[in-house]
Amino acid sequence: MPRDLESEKATLESLPSLSKESEGSSPQDPRPLYFRPTEVMAPKYKKMKDLHPYSLLLSSDDLDDCDWLEHAAFEPHEAATREKLDYRLHVCGELCTGIYTSSYATSPAPLGPLILSRTFPSTDSADSDRKKVLLGHIIATKHSAPLVTEESMDFPKDWREKYQMTPTTGHNEDGKTICLHSLGVHPSFQGRGLGKVLLEGWCQRMRDSGVGKRIALICHEKFIGFYESAGFKKVGESKCTYAGGGWFDMVLDFESAKQELDY
């Protein structure tokens, strides 16, 4: 489930400029970057400057990293299962994105020790010791309902053998609602504003791509302010009972947001 893992209160207007360049990114990776904090940053973004973060679309190739991050960022009863992540990355990876850094095992803490804790992919074959580390991710699907529902959060168990473009359960390719299921940042890098930058960059890409009319999510009450600062509006208590319930519906309607900006 989406969670605010930072306390940053940046507004959409203060989001750093977008760029297709990135220090430490792999020139061999064909997936497009869609933002990188600029070198000249507002003070709040200096907390992440040493990480040189960059963003990439996710795919099924990133399952191991996403599964690792999901279970590091969320409580066990709230984290998506590996099977659910596998489904989402396979059928709609273009809606999912990760924020990365690249570094060595000899780097200062927390990066160096973290790199030694598991096997991370190398940034490229020319420098196999330089690892690509997933700091945070957003995992999403599309659905026909205007809010996140139990059906949109589930997935068809026979999707590999009987894939459907518009099932009632899971990702619906014709759906107009983009359901944000997971916004997670690794605990070692919380408090640097990565979650806020990741969310705002992703929302901008979803809006500009025209793949849906709105973004919907559910969150706990303590995180409502975080999402409101990114333009989401609270709808009310959610009917979803996932992980014990207690969720609130939040929606970012692209047409309403455009009208407010025009005004």
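The values are calculated or read from the model by the stated rules, or taken from the named source; none is laboratory data. Bear in mind the structure is a predicted one, so any value in this text is a computation, not a measurement. Please note: Cβ atoms are built from the backbone with ideal geometry, for glycine as well, and neighbour counts cover all protein chains shown.
Select from the range 126-154 the residues that are in a loop (DSSP other than H, G, I, E, B) and buried (at least 23 other Cβ atoms within 10 Å of the Cβ) and list them in ascending order.
The answer is V148, and nothing else.
Among the residues of the range 196-250, write down those that are under 22 Å from K47 (Cβ atoms) and among the aliphatic types (A, V, I, L, M).
V197, L198, L199, A230
Looking at T97, T101, which is the one that is closer than 25 Å to P156 by Cα, at pLDDT 85 or above, polar (S, T, N, Q) and touching a strand residue (DSSP E or B) at 6+ places or on another chain (Cβ under 8 Å)?
T97
Take the range 71-82 and flag every residue that is part of a helix (DSSP H, G or I), surrounded by fewer than 21 Cβ atoms within 10 Å (Cβ to Cβ) and in contact (Cβ under 8 Å) with a residue 60 or more places away in the chain.
Once the filter is applied, which keeps residues that are part of a helix (DSSP H, G or I), surrounded by fewer than 21 Cβ atoms within 10 Å (Cβ to Cβ) and in contact (Cβ under 8 Å) with a residue 60 or more places away in the chain, the range 71-82 yields only A72.
Starting from residues that are touching a strand residue (DSSP E or B) at 6+ places or on another chain (Cβ under 7 Å), more than 30 Å from L111 (Cα to Cα) and small (G, A, S), keep the ones in the range 190-239 and report whichever is surrounded by the most Cβ atoms within 10 Å (Cβ to Cβ).
A216
Condition test on G170, is it among the small types (G, A, S) and at positive phi?
Here the answer is yes, as G170 does meet what is asked.
Among the residues of the range 51-84, write down those that are in contact with a Leu (Cβ under 9 Å, 6 or more places away or on another chain), acidic (D, E) and farther than 17 Å from L180 by Cα.
D61, D62, D65
Tell me which residues, restricted to the range 198-227, are acidic (D, E) and free of Cβ contacts under 8 Å to residues at least 12 places away in the same chain.
D208
Given the options L85, L116, name the one that is outside any loop (DSSP other than H, G, I, E, B) and either under 15 Å from G136 (Cα atoms) or of a type in the set (K, R) (or both).
The unique qualifying residue is L85.
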